[in-house]
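Just so it is clear, none of the values below were taken in a lab; they were calculated from the coordinates. Keep in mind it's a predicted model, so treat the numbers as computed, not measured. We place every Cβ from the backbone using ideal geometry, glycine too, and count neighbours over all the protein chains shown.
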Amino acid sequence: MPASRAADDFWELVPDDRARIKCTLCANSKENTADGVMLKSSKSSHIRTKQHRDALETFKAASTTAIPVCLPDPGGFAMMNAWQPQTNNNPMPKSTKNMIREDLFDSFVMNTDTETYLDHSGKPVLLSAGTHTLFATNLEEPDDTQVDESLLDMAIEEMTLESDGGDEMDEVMEEGMPAPDSGWKPHGSKTIFMLDLLDNLPRLRLSDDHLKAIIWVMKECGTPNVSTFSALRKVQEALTREFKLTSKPHKSALENHFYMNQPAALLALDWANPLVRKHIHIYPEVSKAVSETFHAAKWLEEIDLDELSPIKSHQIQALQLQYNVLDIQVQHGNILFSDYSPNYPVINPLRKTAQGRPMFHLRIIPWSDDVSANVSKQYNAHTNIYITNANLPHAKLSQEFFMRFCSTSSNASSSEQFVALVEDFHDQVWHDAYDCELQEKILFQVIPHFLPANNPQQSETCSHIGVNGNLRCRRDLLGGSNADAVQSTSAMIGVKDKIAQHWIDQVIAKSKSLRHELITDLSTRNIRLGDKNPKGDNRKAFKQVLLDEIAVECWNWVIWQPVDSYERLSENDPARLDIRPGDHFNVLLATRGITPHQDTPVETLHTWLLGNKKYVWHATNQPWSKEQDETFAIRLQSSCINGLTIPPPRAAYLIKYKNSLIGKHFKILQQLGTFHIRDLCSEPIFKLWKASGELGAMIWYTVIDDMNEYLHDLQILIDNLLDAWANVDPRHILTKIKLHALVHLPKDIQRFGPSVIFATESFECFNAVFCTCSILSNHLAPSRDTADSIAGMERFKHMVSDGYWMDESTGDYIRGGHQMWNFLKHNLELQRRLGWVPENEIVAGSVKHSSKKRRDTSPWRVHSNGIILSGAIPDVCQSDALWDQCEIVVAQSKDICRAGSWVFFSCADKPLAGRILKILLPVNTQGKSALVIMERFEVKDTKDKIFNMPILIWQEDCLIVDAKAILFNFNAQHDCTSSKCLIGQMEKHMVQERLETALFQKGVIHTDNDHYLLNMHAFHNIHLIRRTLPRQLIAPQHDQQNQNSFHFRHAATLLVSGPAKRAETQEKSQATRERNKAVKEALGQK
């Protein structure tokens, strides 16, 4: 037994001083004159002293003598006990839990006043939690159940009695970890693995106290292999260092400090993770259907070939090769190319760098925004940067598992943090990784692809002034001179760079100081200016010389800043003679792979849902009365949501807080609102709803079958929306930058793919993980604390998903034990908490039974009673065999369909629309598939004149279709406008607190069940709907046939109303300022 391990058996707390402990072994030693009392933090160093080691050897040698000592129980709590004489054949046990003597307290005296025990010397005896009946498992339950709370506090403190030394790691390795080839390596046991798991759940963060309490409870329950808290932390820190995920400190040009998890280290994990590596698309792909960013134009057509991974044109056997390039040069001389060919190097210069290793390029999507680090409503602004791997499919990037945190800071702006991020993007920098698919080391480079964010952040990313400048758009020259705009240089040219502005302010101040010193101040100015001889032009010329010298001095000063950055440059580096990206201006303006002004695509969450839809909703409900509010709420709540990926609308809540809605509410209004506002708004507003709904559905496309046709239709719908706004309020088009941004959307989709790819909702959702990490920091170094916490999560995710990492001791790439990664593979709870969605393994046509209580098992004739069936009836339906009524059937699109779902199904190779009536499965399912009784609906050849949507007409006869013939589901709404449905009292009671009340619900009472509208404003499966319907039902038309005259008419109106509106706004602003001034003066007089 190692001495360091045995030494832990001789410790007790010092009464009345919980910061100190006592080594009873040294205190009882004859050679020692000290009392053995020391600080807790000195425990590790004391154990290694010669004095303590000698005392320990003396104790072991005295094996035939009874030595009274104070020993802890297996949980680490000190307890009073006495040992029986030991012999060499009976080694000292680690635990005394089963050796408590019945006469243990016979030598103690009870003080009835203080209810404490005293030893023979009169000193109080401390009873720890280890032997107190509160925690004892082998003592009878005492009558008195009142326990002194100080004992519990002492027990918890004793549990954390750990040193700052490295002994705990050895303790865990000896006691908690099995052999290195264990199924739970590198943790060594399932217990330590589970503790590491609890500490690294992204959305269930635990504080140190939480984790200590869990460890304490586990020890008290007798859980084996439970490590101490500090030992667990050291194991975690060692593994994180081994993964090379240690956060790196940075200092910006503006002297702000922050920490970053470097993107190259994070992306290296993707190559080494089998769950991720198989989904990486190394090269762009030519595909007629565009659904990924590597299908779109920028990756296919714009990227320089040097930024793509080296391509192997074909592979042949090595035995077939006869000569290499060098052999050919020896035999035939230099290899010459045609004058019309580029000057190719004979030997790829990257071969020297590669050293036989494969080389790849990864493109990433960096995101940045300001985020509150508080969970409470109090805003605590932090600027964060996250990244995702653009080489992965969008279906993976939408999962939280693939989101990567890089940095956060409450001081450094995004422009400053991007400087640190770009360090990994340099064209001469190659990063090491292990490719688990090729089973060898590789090199890769990181290149940004585009920069998603909300509009203000994208303006900062582009060094654009934003909407307050004359040139309000970062993508074009929208705007011009405006009497209301701030007349400053930045506002006029539309440029605002936070880093550049910092140096501009300092240079201006320095220039003014030098001009005052050399020209203006009579006591310090240049001597020649004091001479009266230079006059007229000569004097002006001399002043100009001084001004030029001041300009040169200021220029030299600014290029020397920041000093530490300048000194790192080599003597011959041309960057010493000019301003530098990152040091003096936005580094993204000089970063390869991106052009910020063109690679900041229109973002759908803020531009569409929190932009256009918010404007439309405000313009609609602003004049409503309470009765109209209630009418809309009842209609909205009565909507059918089958075929929509939204929760029940909670319309009463939505109306109650109609001016405080968020993205999910506007998604509901986008897909359902148009059907319920026909008589609640004016005709221009209703047309605005229709134009907005049609365009919103097109924006949410996930797969574009024909890019040219899609862009043509999209442009028409954008034109219709802006024309509809012109009829409502034409000034919105000029003043609302989110409406103008829609003009650039077709180009973005063409270059980057469907707009859902550059939506920021997945990034915004990850802010919740950041907040839970931030609030557990002591905020002395919040950037480092958060980076370290999330680096630990990345390390755990990689290990538990069977990823490889390099063993520092051997240099080999290893992975965790099979039981560890099987735990993730078969544990749906852990998959959910890590944000991992496994491959969809459900089979089209499969069904799920109803519960046994609700299951209806009857012959076919009973199930089909009262139903008019047409078409061929399968022979299996003619017998008296029993059929189970099922609850769910899976469509070919993997949609989950139920009775009542609207679906398209295949019948005689022709798609038809219908509504599921029953899903039936024969009781004897061997070799038989489920059948579906389908209500049939006819899709009319013309669109509804009011809603501009396809019309569905109910047919009396039903069809029997195979479950595998169901294509996909969709949403349809009853045509209440044409049917003149009214609001009435339903027979359903209102529910409050899950209890039925005496109140009845109000709802829409349909006058017929024959007329429905196919919802073309829905997001779900809109691409499949448009693929299925004939072109005449989906092709958009311009609402304004003569757009030029329409635009000129509204422009002429704006020439009159615009100045009047601005004058009115100025008057209101002036009145507000005067009113505020009067209030301040009145308060000052008091």
Fill in: Normalised contact order of segment 847-1034, rounded percent, pairs of Cα under 8 Å and 6 or more residues apart
19 percent
Worksheet item: By how many nm would the segment from residue 57 to residue 731 grow when fully extended, if each residue of separation counts as 0.36 nm and the alpha-carbon distance is taken off?
Response: 233.6 nm
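Can you tally the net charge around residue 509? Count Lys and Arg as +1, Asp and Glu as -1, for every other residue whose Cβ sits under 15 Å from the Cβ of residue 509.
Numbers: positive: 510, 512, 515; negative: 505, 517, 553.
Summing Lys and Arg as +1 and Asp and Glu as -1 gives 0.
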Worksheet item: Around residue 289, what is the net charge, scoring Lys/Arg as +1 and Asp/Glu as -1 over all other residues with Cβ under 9 Å from its Cβ?
Response: -1
Worksheet entry | Reach of residue 532 by Cα under 22 Å, taken over lysines that are not fewer than 8 positions away in the same chain | 540, 543
Worksheet item: Projected onto the charge dipole of segment 931-1050 (+1 at Lys/Arg Cβ, -1 at Asp/Glu Cβ, origin at the Cα centre), which of 1001, 942, 977 gives the Cα projection farthest towards the positive end?
Response: 942
Response to the item:
Here, GluC sites (Glu not before Pro) of segment 226-270 satisfying both criteria (DSSP loop; at most 15 other Cβ within 10 Å) are 255
Response to the item:
For the table 496/1080; 656/943; 613/1002; 910/988; 498/1077; 185/219, the rows whose alpha-carbon distance is greater than 29 Å are 496/1080; 656/943; 910/988; 498/1077
Worksheet item: Among the listed pairs 848/918; 278/797; 747/894; 40/248, which are separated by more than 20 Å between their Cα atoms?
Response: 747/894; 40/248
Response to the item:
Site residue 519, offset 7 angstrom along Cα→Cβ, radius 13 Å on amide nitrogen, limited to segment 528-565, gives 529, 539-552
Item to complete: Place +1 on the Cβ of every Lys and Arg and -1 on the Cβ of every Asp and Glu in segment 964-1086, take the dipole about the Cα centre, and give the residue among 1017, 1044, 990 whose Cα lies farthest towards its positive end.
Response: 1044
Worksheet item: Which GluC sites (Glu not before Pro) in segment 517-580 pass both tests, a DSSP loop state and at most 15 other beta-carbon atoms within 10 Å?
Response: 571
Practice prompt. Return the FRET efficiency for the residue pair residue 1052, residue 498: r is the Cβ-Cβ distance, R0 is 35 Å, and the value is rounded to the nearest 0.05.
Written response: 0.30
Response to the item:
Any trypsin sites (Lys or Arg not before Pro) in segment 250-317 that lie in a DSSP loop and have at most 14 other Cβ atoms within 10 Å would be 278, 288, 312
Worksheet, complete the sentence: Highest mean packing first, using Cβ neighbours within 10 angstrom, the peptides 1012-1019, 678-685 sort as 1012-1019, 678-685
Worksheet item: Using r as the Cβ-Cβ distance of residue 857 and residue 896, and R0 as 30 Å, what FRET efficiency do you calculate, to the nearest 0.05?
Response: 0.85
Fill in: Shape box of segment 756-900 [Cα atoms, principal axes, largest first, Å]
74, 37, 33
Response to the item:
Put in order of increasing Cβ neighbours within 10 Å, starting from the fewest, 773, 981, 765 give 765, 981, 773
Discussion item. If R₀ is 30 angstrom, what is the calculated FRET efficiency for the pair residue 287 and residue 837, using the beta carbon separation as r and rounding to 0.05?
Written reply: 0.80
Worksheet entry | Gap separating the Cα centres of segment 822-849 and segment 640-708, nearest whole Å | 31 Å
